[in-house]
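The values are calculated or read from the model by the stated rules, or taken from the named source; none is laboratory data. For clarity, every value in this text was computed on a predicted model and none was experimentally measured. Cβ: placed from backbone, ideal geometry, glycine included. Neighbour counts: every protein chain shown. Surface areas here come from the heavy atoms of the whole protein model, side chains and all, with no ligands, DNA or RNA. Shrake-Rupley method; radii C 1.70, N 1.55, O 1.52, S 1.80 Å.
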Amino acid sequence: QVQLVESGGGLVQPGGSLRLSCAASGSIFSSYAITWFRQAPGKEREFVASISGGGVMTAYADSVKGRFTISRDNAKNTVYLQMNSLEPEDTAVYYCNCVLTSVPSVRPGPYWGQGTQVTVSS
């Protein structure tokens, strides 16, 4: 069974940066792709980025491409989302999700973290 815990959210000004972390437990963490989703109040969940089990393949939503970078350190069982040039539209709760495949996916798997709030405001 896989457990995920997000951290690193907070309040930043437009143009600022945040680094989110997703710490995972599991005996075969490196086998699974990890995907970040986000959800603003009253809106549907939105795909953000995904990374393959080995960390070689990545995928990004058009809205964040060039600004966000997903990476992973399998030795630490952790996936990161570096968010630069943040915009107010990036404000949402960000969730880490474990996809039970090895390749990036825009569709969620069964395991979710609790979420971490990101607020971008002046």
- prompt: Looking only at segment 17-54, which residues have a backbone nitrogen under 15 Å from a spot 7 Å from the Cα of Gln117 in the C-beta direction?
  reply: 39-42
- request: Express the accessible area of the chain per residue in Å², computed with a 1.4 Å probe while the remaining protein chains stay in the model.
  value: 50
The chain: most fluctuating residue of Ala92, Ala61, Ala33 per GNM, C-alpha cutoff 10 Å: Ala61
field: Leading residue at positive end of dipole, the chain (Cβ point charges), from Ser7, Ser30, Cys98
entry: Ser30
message: Tell me the carbon and sulfur percent of the accessible area for the chain, rounded to whole percent, probe radius 1.4 Å.
response: 48
query: Given the options Ala40, Ala24, Ala59, which has the most mean-square fluctuation in a GNM of the chain, springs set between C-alpha atoms less than 10 angstrom apart?
result: Ala40
message: Charges on Cβ only, +1 for Lys and Arg, -1 for Asp and Glu, centred on the Cα centroid of the chain; of Val56, Tyr80, Trp112, which one is farthest towards the dipole's positive end?
response: Val56
message: Normalised by the empirical 2.2 N^0.38 Å for globular proteins, what value does the Cα Rg of the chain take?
response: 0.97
